[in-house]
Amino acid sequence: MARDQVDLTPIERRDDLVSWLAEGVKAKSQFRIGTEHEKFVFTLDGHHPVPYEGKRGIRALLEGMQHLLGWQPIMEGPNPIGLFDVTGGGAISLEPGGQFELSGAQLRTVHQTSSELMAHLAQVREVAQPLRIGFLGLGMTPTWTRAEMPKMPKGRYKIMTAYMPKVGTLGLDMMYRTCTVQTNLDFSSEADMVKKLRVSIALQPVATALFANSPFTEGKPNGFLSFRSEIWRDTDNARSGMLPWVFEPGMGFERWVDYALDVPMYFVKHGDDYVDASGQSFRDLLAGKLPAMPGARATISDWANHISTIFPEVRLKRYLEMRGADSGSLPNLLALPALWVGVLYDDVSLDAAWDLVKLWTAEERQKLRDDVPKLGLAAKIAGRTVFEVAAEFLKLARAGLERRKRLDAGGQDETHFLDVLDDRVSRGTTPAQELLEKYYGPWCGSIDPIYADEAY
C-alpha cells in the first residue's frame, strides 16, 4: 500500500478532486513504468512468520536496509515502517502482516525495472542472511494461519483490521495473508485513460489466470488456483470489483470522483494520528460535516489517502494500477509490466485489445472474474476459453513491445520478458498448477519444500 500523502492544500469543491486526477495526464514521451511487488518474510529456521520486533524481526530488516541503501526512514511514532529513496523515488513499505513491499521508481523501460528488481532482491538477501530470514513469492501464504500473522505498527492497519469483518468474511486474509505484483502506467488524456481503463479491467481476469499462484492454505490445497483473487470477492464489495459503470457512456475523471466519494472511508490522518472514520462519507468531510471530525475540512492529503483505500481490479489515481496478479518468481514480476506495457503503451495493440473485449457484456465480464480464481485458463467468456484469449493478449503485447523498440545495452528489446508467459500458454498451465503437481509428486503431500523451491 502507498505511503500516506502529505499535502495540506484545502479542497473547496468536487471540481478540485477532478482536477487532481486530471493532473495525471502526461505527454507520451513522459510515460513511465512503476512496478510494485510484495513478498512474504519467513524464518529460515522453522519457516515461521517474522514479527516486527526482536533482533531478527522486520524492524531489524528495515534498519539494515536503511544502513545499506542510505534511504530516508518513514516513521510512525518511534517505529520505522518503511524507507524512501529521496533521489530515485522508490520506496520500501510494510503490508499489515509484515509482507515486504518494493514500490519501484518511475522508470522508462522494462529493462530498468529488471535491474531495479534484481538489485532489490540482492540487497534484501544481503541484509536478511545474517538475520536468518528468507523471502517467498506467492499470492497467499501457503502454511500460516490468520492467528499466526504478526501485526505491523501502522495506525491505518489497526482501523482497517477492526472494520474488515463488518463488510466481508475474507478482508483480514487479504490484509495479512496475501501478496501481489502490480504495475502502474500513465495516460495521455482523459479519453486515453478511459480506453486503457476499460481494456485493462476487461482483461484483468486473464492476467489473474496467467499469474495464478496461490493454491495452498494452511498446508493443503484450497481448491483454487488463485485464492488471493477469490479473497477479493468477499473482502469489501463497496470498494472492489469489476466496475461495470466504467463501460457506460460519460465515463471520465468526474465519474471516478463520484464513485470514490461514495466509497466509505477508513480514516483521516490528522497530524501523526489516524482518526477512525470507517464507514463514513468523504462527501461529509468535503462539507465539513464528518462525524469523526466535526468542522474539519478536506485536504489533498485526505483525498490521496482515501483514493489509496479503494481496491477495484484496476485503480485510477493519477496513473492506472493493474491489480489482478498474484506475486511470484522474478520472471513473473518482470512479465507483468511487460504484458501491460506492450498493450497499453502501443496504440495499435491498444486498439486491437479494445476490439477483443468491446462486445463483452458486464455480466460476461463479471462471470469471468468469478470463474478465474478456480478455473484459471480453463474459464470461458463469450464462447472462448481464457487460454485462447490469453494467447491473443500475449501476441498483442509482444507486437507492442516490438514496436516500442526499447533496447538494452546488448541490443535486445523488451519482448523476452514475455517468454515465461508464452511458455506457460504453450503448455496450457499456470504457476499454481505447477505447484500442485509438485505437491502431489516430488513433495509427497508436504508444503515445506516450497520455502526452498519458491524463495527469492
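Among 424-432, 209-217, the peptide with the highest mean count of other Cβ atoms within 10 Å heads the list, and the full ranking is 209-217, 424-432.
Highest mean packing first, where packing is the average number of other Cβ atoms within 10 Å per residue, the peptides 121-133, 235-247 line up as 235-247, 121-133.
A straight Cα-to-Cα reach below 30 Å connects Lys28 with the lysines Lys195, Lys196, Lys317, Lys358, Lys395, Lys405, residues fewer than 8 places away in its own chain not being considered.
The alpha carbon centroids of the stretch 221-288 and the stretch 407-456 are separated by 33 Å. Taking θ as phi - 60°, what are the ³J(HN,Hα) couplings along the stretch 131-137 by the Karplus curve (6.51, -1.76, 1.60), each to the nearest whole Hz, with x for Gly and Pro? Residue by residue, the stretch 131-137 yields 7, 6, 10, x, 10, 10, x Hz. Taken as Cα centroids, the stretch 87-126 and the stretch 347-371 sit 31 Å apart, rounded to the nearest whole angstrom.
Distance between the modelled labels on Val86 and Arg14, one decimal in nanometres: 4.1 nm (7 Å Cα→Cβ projection). Here the contact order of the chain, divided by its residue count and restricted to Cα pairs under 8 Å and six or more residues apart, works out to 21 percent.
Antiparallel DSSP bridges in the chain: what percent, to the nearest 5? Within the chain, antiparallel bridges account for around 95 percent of the total.
Shown for the chain are no DSSP H helices, since none reaches 30 Å along its axis, judged by Cα atoms, with a mean Kyte-Doolittle hydropathy of at least 0.5. This model, with +1 at the C-beta of Lys and Arg and -1 at the C-beta of Asp and Glu, gives the chain a dipole about its Cα centre of some 220 debye. Within the same chain, lysines fewer than 8 places from Lys166 are excluded, and of the rest, those with a Cα less than 23 Å from its Cα are Lys151, Lys154, Lys158, Lys269.
Straight-line cross-link partners of Lys374 among the aspartates and glutamates, defined as a Cα under 14 Å from its Cα and at least 8 positions apart when in the same chain: Glu230, Asp326.
Overall shape of the stretch 191-334 was characterised from the C-alpha gyration tensor. The equivalent ellipsoid obtained from it has semi-axes of 31, 20, 13 Å, in decreasing order.
Throughout, read-outs are computed from the coordinates displayed, never taken from laboratory work. Note that the coordinates shown come from a computational prediction; the quantities given were computed from them, not determined experimentally. For neighbour counting, all protein chains shown are included, and Cβ atoms are generated from backbone atoms with ideal geometry for every residue, glycine included.
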